[in-house]
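Chemist: Have a look at the structure that comes next, please.
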Amino acid sequence: MKHMTCTRWISILLLALVLWPGGAVSGAEKLTAEAAGTIKEPTGRIAFIRNKNIWVMDARGQSQMMVCEATNAEGRLSWSLDARRIVFTRSGKVNFQSPAVGEGGFHKVYDLFLAYLDSADAGRANWWTRLTDELGSRNPEWTVNDRIILTRDMNANMVNAGYPNYQICLLDPESGNVEILRKDWQMMPEFFMAPSMNANGDIAFVHFYNEKPHGIAVLRRDQFMAPLDSVRVQSKKLPDAYSPAWSPDSKWIAYVNNSMTEPGLFLTTADLSSSYLVFEPPPGTYLNTFAASFSPDSKWLTFSTTDGSIWICDITGSGARRISGPGLDSAPAWSHGPAK
């Protein structure tokens, strides 16, 4: 296959996921205060990427500290259950020039790494551990059973791969063992990616087929071999929903809406039946498509905008405030473990 096909395919994906105009959903429904319950001031620590390195701060944007000088961190972050490690993605690139003139191109490659708070506290921001080495792992999220759920491109280490093959996997960070959740993955014409799993084993993910994302779907961990036509029925409910993230109480899924008419950060119920606007970016700014992250009490969300800012907002859409930037900040993740 010509590798230029892969380059074109990835360009289509990036175009679909990166930007959309703001300010178009001011009339969208918001969650009521009664449905949200009591909302207190946010606490805890937030990890984020600044200029391709890993940093942490508190929920007010203060006490900022570099944790890991990675230089090429990219995408979603997630904290371990003990709040002493942060899993993150580092990116690279494969360049390919075929012996046949005119064939070639490039594709990005990814692997997962761990940053350590203990090392950072001791002044060692240049310490990390590599978790994967297959060049296709990203979108990590630490689960309540101390596993990491992630997206893996099964074709990432094939230099002349025509297309990626995105699959959802579970990684044991201690042993390094990886489980691919779809046992028919080698024959799948459709892909599942960008997963988030709640305490009940329900996995929300982006359903990708016909060379584009088609929305989010939810499958139980023990029902992940469901027929693809049933997944299509689900993903059509919210066809412009991407980057899902479960709330710790398993009540809500936050997602980014990537449509031209209703852009913004939204909540949906576990059955995808109702949606509520949380945040629309101010005029002239745009939302990043990294998954948002809930506070430990499920009442607040943190997310980033493309001007390099980190924001927090409560789930009713009130209390929105910028806690860093504008600058080079992105991909915030709230710690759900014990505070330092």
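Read the figures in this text as sums done on the coordinates, not as results from a lab. No experiment lies behind these values; they were computed from the predicted model shown. Neighbour counts are summed over all protein chains in view; Cβ atoms, including those assigned to glycine, are modelled from backbone coordinates with ideal geometry.
Chemist: Dipole of the chain (Lys/Arg Cβ +1, Asp/Glu Cβ -1, origin at the Cα centre): which of M158, T268, I86 lies farthest to the positive side?
Modeler: M158
Chemist: Additional query: Taking the Cα centre of the chain as the origin and placing charges on Cβ (Lys, Arg +1; Asp, Glu -1), which of I148, G105, S295 is farthest toward the positive end of the dipole?
Modeler: Toward the positive end, the furthest listed residue is G105.
Chemist: May I pose another question? Express the Stokes-Einstein translational diffusion coefficient of the range 136-229 in µm² s⁻¹, to the nearest whole number, given a Kirkwood radius over alpha-carbon pairs, 25 °C and a viscosity of 0.890 mPa s.
Modeler: D, rounded to a whole number, is 181 µm²/s.
Chemist: Let me ask you something else. Spin-label point model (7 Å from Cα, Cβ direction): what's the R130 to A100 distance in nm?
Modeler: Result for the modelled spin labels: 3.2 nm.
Chemist: For D202, what residues show an amide H to amide H distance below 5 Å, using hydrogens built from the backbone and excluding near sequence neighbours?
Modeler: R221
Chemist: Mind listing the long-range amide H neighbours of G44? Cut-off is under 5 Å, sequence gap 5 or more, other chains count too, H placed in the peptide plane at 1.01 Å from N.
Modeler: Hits under the 5 Å cutoff: A59.
Chemist: Quick one: the Cα spread of the chain along its three principal axes, in angstroms, biggest first?
Modeler: Result for the chain: principal-axis Cα extents of 61, 49, 42 Å.
Chemist: Would you mind computing Rg(Cα) / (2.2 N^0.38 Å) for the range 193-249, counting N as its residues?
Modeler: 1.06
Chemist: Here's something else I'd like to know. Given K183/K236; K183/K237; K108/K212; K40/K237; K30/K108, which pairs have Cα atoms separated by over 28 Å?
Modeler: K40/K237; K30/K108
Chemist: Taking amide H positions as placed in the peptide plane 1.01 Å from N, state which residues far from K237 in sequence (5 or more) or on other chains have amide H under 5 Å from it.
Modeler: For K237, no residues qualify.
Chemist: Related question: Calculated FRET efficiency, R232 and E34, Cβ-Cβ r, R0 30 Å, to nearest 0.05?
Modeler: Once rounded, the FRET efficiency stands at 0.30.
Chemist: If you line up the Cα atoms of the range 195-316 on their principal axes, what length do they span on each, largest first, in Å?
Modeler: For the range 195-316, the Cα spread along each principal axis is 41, 34, 23 Å.
Chemist: Treating only the Cβ atoms of Lys and Arg (+1) and Asp and Glu (-1) as charged, compute the dipole magnitude of the chain about its Cα centre; round to the nearest 20 debye.
Modeler: 420 debye
Chemist: May I ask you to compute the full-extension gain from A320 to D222, defined as 0.36 nm times their residue separation minus their alpha-carbon distance, rounded to one decimal in nm?
Modeler: Extra length from A320 to D222 when fully extended: 31.5 nm.
Chemist: Need one number for the range 29-155: average projected area of the convex hull over its C-alpha atoms, nm².
Modeler: 12.2 nm²
Chemist: Now for a different question. How large is ³J(HN,Hα), in whole Hz, for each residue of the range 213-222 in order, when computed from phi with the Karplus curve 6.51 cos²θ - 1.76 cosθ + 1.60 and θ = phi - 60°, using x for Gly and Pro?
Modeler: x, 10, x, 9, 9, 10, 10, 5, 3, 8
Chemist: Could you tell me the distance between the Cα centroids of the range 101-129 and the range 302-322, to the nearest Å?
Modeler: 26 Å
Chemist: Return S137, S304, S293 ranked ascending by Cβ neighbour count within 10 Å, so the fewest neighbours appear first.
Modeler: Lowest to highest Cβ neighbour count: S304, S137, S293.
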